[in-house]
Amino acid sequence: QVTCIEVVEAYVERIKEVNPLINAVVKDRFEEALQEARQVDKLLSEDLGDDYLEEKFPLLGVPITVKEAFSLHGMPNTSGLVSRCNVIATSDATVVSRLKQAGAIPLGVTNCSELCMWYESSNRVYGRTNNPYDLQRIVGGSSGGEGGVLAAACSVIGVGSDIGGSIRMPAFFNGVFGHKPTTGVVPNDGQFPNAHGVRTSYLCTGPMCRYAEDLELVLRVMAGPGVSKLKLNEKVSLEKIKFHCMDHDGGSVFVSPVDKEILQAQKKVVEHIESDLGVQVQRVAIHKMKYSFQIWSAMMSSKDSNGQEAQRFTDLLGDHGKPVWPLWELMKWLVGMSSHTLPAIALGLTEKLMKLNQSGNAKLVSMGKSLQKEMEALLGQDGVLLYPSHPTIAPKHHSPICMPFNFAYTAIFNVLGLPVTQCPLGLGSEGLPLGIQLVAAAYNDHLTLAVARYLEQAFGGWVLPGKV
C-alpha cells in the first residue's frame with residue numbers, strides 16, 4: 001500500500017521530531033537509508049513474486065535501529081567511552097549483517113551506558129537519554145537508546161544485548177517487548193565490549209520490538225542456523241502450559257521492595273490466565289532468588305572451565321591503553337575532571353572488593369548452579385514463570401546510583417542461561433509503563449514468546465507516549 005521510501009521517510013521525520021527531546025539516536029545514516037529504500041522499491045517493481053521475496057528477504061524495507069555497542073558499518077562504535085570517540089565501524093556485527101541481508105534498513109545507532117554496564121543510558125560521549133513517557137525518567141540500560149527509540153515510534157525493530165537485563169530493563173521502562181534468548185543461540189560477535197571467559201555464557205544478543213509478533217521473526221533472522229536449537233516451529237497450546245508465579249525475590253537486603261502497582265499488574269495477569277485459560281497458576285517461593293545479586297556478581301567474576309579469569313572492568317575502561325585507577329578517577333570526578341561516569345567508576349571500585357572474598361564467591365557460584373537445577377526442574381519442558389521485571393517503575397534520572405542492585409531481578413536469569421521475554425502491561429497511575437518477565441527452561445523460547453503474544457492481546461501491549 002505504501003512504498004518503502006515513504007515508510008523510511010516517515011521514520012526519519014519522526015526521529016527528527018522527537019530525538020531532540022529523548023536523545024536516543026546518537027548518529028544517523030538517513031541518506032544511506034533513503035538510498036537503500038529506493039533500491040527496495042526498485043526490487044519490488046521487478047515483480048519477482050511475493051513468496052520469493054518474503055522467503056529471501058523476510059524484513060525487506062523494514063526500518064531498524066542498532067545499539068551503538070554493535071558494529072554497523074560507517075557508524076561510531078564507542079560504547080560511550082571517551083577514549084573511543086574516533087572509532088568508526090568498518091564492518092557489521094554478525095546480527096546486524098543478518099538483519100541487513102534479510103532486507104532491514106538501519107536508520108542509525110542508539111545510546112547506551114558507558115561500556116554497557118549500568119542501567120541508566122548516559123555517558124560522556126553522547127550525554128543522557130530521556131524516557132519518552134516522562135523526560136525526567138531513565139530509559140534503562142544498557143540498551144536504553146533502543147528502548148526509548150522504539151517506545152517513541154522512531155523504529156520498528158531494535159538490536160539489543162543483555163548480560164544483566166540490558167534488553168529487558170529498557171523494554172520494561174519504555175513499555176515495549178524485549179527477548180533475551182537462551183544463551184548461545186544468537187551470536188554476540190561484533191559488539192564492544194564483547195564477553196570473554198565465563199561471561200560468554202551470560203551475554204545474550206536479542207530483539208526489541210513494539211509488537212510481540214515481531215520478536216519471533218527477528219529472533220529467527222538473528223539466530224541464523226542456530227535457530228534449529230529452538231522449537232519455534234512447535235505449536236504452543238497455552239492451556240497446556242504450567243504457569244508459576246513469584247511476586248518478589250523473597251526480600252533481599254540489597255534490592256528495593258517491589259512497587260504495589262507492579263504487584264497489582266502481575267496479579268491481574270494471574271487472574272486473567274486463570275479465568276480465561278481455565279488453568280491454575282502455581283505460586284512458588286524459590287528461596288535462593290533472595291541472593292540473586294550476590295549470585296550474579298560471583299558468577300560474573302568467576303573463572304571459566306579453563307581457569308581463565310574474567311576480564312576486569314578497569315581494563316575495559318582503559319580500552320587497551322593506560323590502566324584506569326578507580327580511586328584516582330573518583331577524585332577527578334569530584335572536581336569535574338574525569339572522562340568517566342560515576343557508575344563506571346563505582347563499578348571499578350566494587351570489582352576490587354569482590355576479589356577480596358574468594359571463598360564466599362565460591363559458595364555463591366555453587367548456590368547459582370544449584371538454583372539453575374532447581375529452576376530447570378520446576379519449569380520442565382512446559383513451564384513458564386511470571387516474575388517482576390524490576391522492583392520499581394522507570395526511576396528518575398540519577399536515582400539508580402542510590403539503588404544500584406535493583407537490576408538483580410533481571411540479572412539472575414543471565415547466569416541461569418534461561419530465555420526471558422519482557423512483556424508490557426499498559427501504563428500505571430503516573431502514565432509510566434508496567435510489565436512482567438516471562439521465563440522458561442533453556443531452549444523453550446517458543447513458550448515465552450507465545451505467552452507474550454497472548455498477553456499483548458489481553459493487556460494492549462505498547463501504548464504510544466502522550467496518548468491519553
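The values are calculated or read from the model by the stated rules, or taken from the named source; none is laboratory data. Because the structure is predicted, anything quoted here is derived from the model rather than measured. When we count neighbours, we look across all protein chains shown, and the Cβ atoms used for this are built from the backbone with ideal geometry, even at glycine. Heads up: the accessible areas ignore ligands, DNA and RNA and are worked out on the full protein's heavy atoms, side chains in. Shrake-Rupley method; radii C 1.70, N 1.55, O 1.52, S 1.80 Å.
Name the residues in region 247-271 that are among the β-branched types (Val, Ile, Thr), assigned to a helix (DSSP H, G or I) and touching a Phe, Trp or Tyr at 6+ places or on another chain (Cβ under 9 Å), would you? Even if it seems obvious, please write down each step before you answer.
The first filter runs over region 247-271 and keeps only residues among the β-branched types (Val, Ile, Thr), leaving 253, 255, 258, 262, 269-270.
Then drop every residue that is not assigned to a helix (DSSP H, G or I), which leaves 262, 269-270.
Result: Val269, Val270.
Keeping to region 105-119, report how many residues are at negative phi and either free of Cβ contacts under 8 Å to residues at least 24 places away in the same chain or open to solvent by 10 Å² or more (accessible area, probe 1.4 Å) (or both).
Residues in region 105-119 being at negative phi and either free of Cβ contacts under 8 Å to residues at least 24 places away in the same chain or open to solvent by 10 Å² or more (accessible area, probe 1.4 Å) (or both): 2 in total.
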Task: Every residue from region 362-402 that is in a helix (DSSP H, G or I), over 25 Å from Lys267 (Cα atoms) and not hydrophobic (A, V, I, L, M, F, W, C) - done: Lys363, Ser366, Gly368, Lys369, Ser370, Gln372, Lys373, Ser399, Pro400
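Would a scan of region 386-405 turn up a residue that is within 17 Å of Met299 (Cα to Cα) and modelled with pLDDT under 95?
Kept after step one, since they are within 17 Å of Met299 (Cα to Cα), are these residues of region 386-405: 405.
From the residues that got through so far, the ones that are modelled with pLDDT under 95 too are 405.
Within region 386-405 (the criterion being within 17 Å of Met299 (Cα to Cα) and modelled with pLDDT under 95), the answer is yes, since at least one residue qualifies.
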- [ ] Identify all residues within region 92-119 that are hydrophobic (A, V, I, L, M, F, W, C), in contact with a strand residue (DSSP E or B) (Cβ under 8 Å, 6 or more places away or on another chain), in a helix (DSSP H, G or I) and more than 22 Å from Lys56 (Cβ to Cβ); write none if there are none.
- [x] Cys116
Open item on the list: Name the single residue that is most open to solvent (accessible area, probe 1.4 Å) among those in region 121-158 being in contact with a Ser or Thr (Cβ under 7 Å, 6 or more places away or on another chain) and part of a strand (DSSP E or B).
Closed with: Arg128
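If you check Gly426 against the conditions, is it farther than 28 Å from Phe293 by Cβ, surrounded by fewer than 23 Cβ atoms within 10 Å (Cβ to Cβ) and either hydroxyl-bearing (Ser, Thr, Tyr) or touching a helix residue (DSSP H, G or I) at 6+ places or on another chain (Cβ under 6 Å) (or both)?
yes
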- [ ] Report yes if some residue within region 306-313 is open to solvent by 20 Å² or more (accessible area, probe 1.4 Å), in a helix (DSSP H, G or I), modelled with pLDDT of 65 or more and not hydrophobic (A, V, I, L, M, F, W, C); otherwise report no.
- [x] no
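Per-residue answers, yes or no, for (1) surrounded by 24 or more Cβ atoms within 10 Å (Cβ to Cβ); (2) part of a loop (DSSP other than H, G, I, E, B); (3) of a type in the set (S, T, N, Q); (4) in contact with a strand residue (DSSP E or B) (Cβ under 7 Å, 6 or more places away or on another chain):
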{"site": "Pro404", "(1), (2), (3), (4)": "no, yes, no, no"}
{"site": "Glu430", "(1), (2), (3), (4)": "no, yes, no, no"}
{"site": "Tyr454", "(1), (2), (3), (4)": "no, no, no, no"}
{"site": "Gly461", "(1), (2), (3), (4)": "no, yes, no, yes"}
Task: Selection within region 375-397 - farther than 19 Å from Leu449 by Cα and among the β-branched types (Val, Ile, Thr) - done: Thr392, Ile393
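Please state which one of Glu54, Glu36, Glu31 is under 21 Å from Asp214 (Cα atoms) and either of a type in the set (Asp, Glu) or part of a loop (DSSP other than H, G, I, E, B) (or both). Don't jump to the end; show me each part of the working.
On the way: Glu36 fails: under 21 Å from Asp214 (Cα atoms); Glu31 fails: under 21 Å from Asp214 (Cα atoms).
Residue meeting the stated conditions: Glu54.
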Task: The lone exception for Ala440 - which of (1) surrounded by fewer than 23 Cβ atoms within 10 Å (Cβ to Cβ); (2) under 22 Å from Leu232 (Cα atoms); (3) over 16 Å from the mean Cα position of the chain (by Cα) it fails - done: (1)
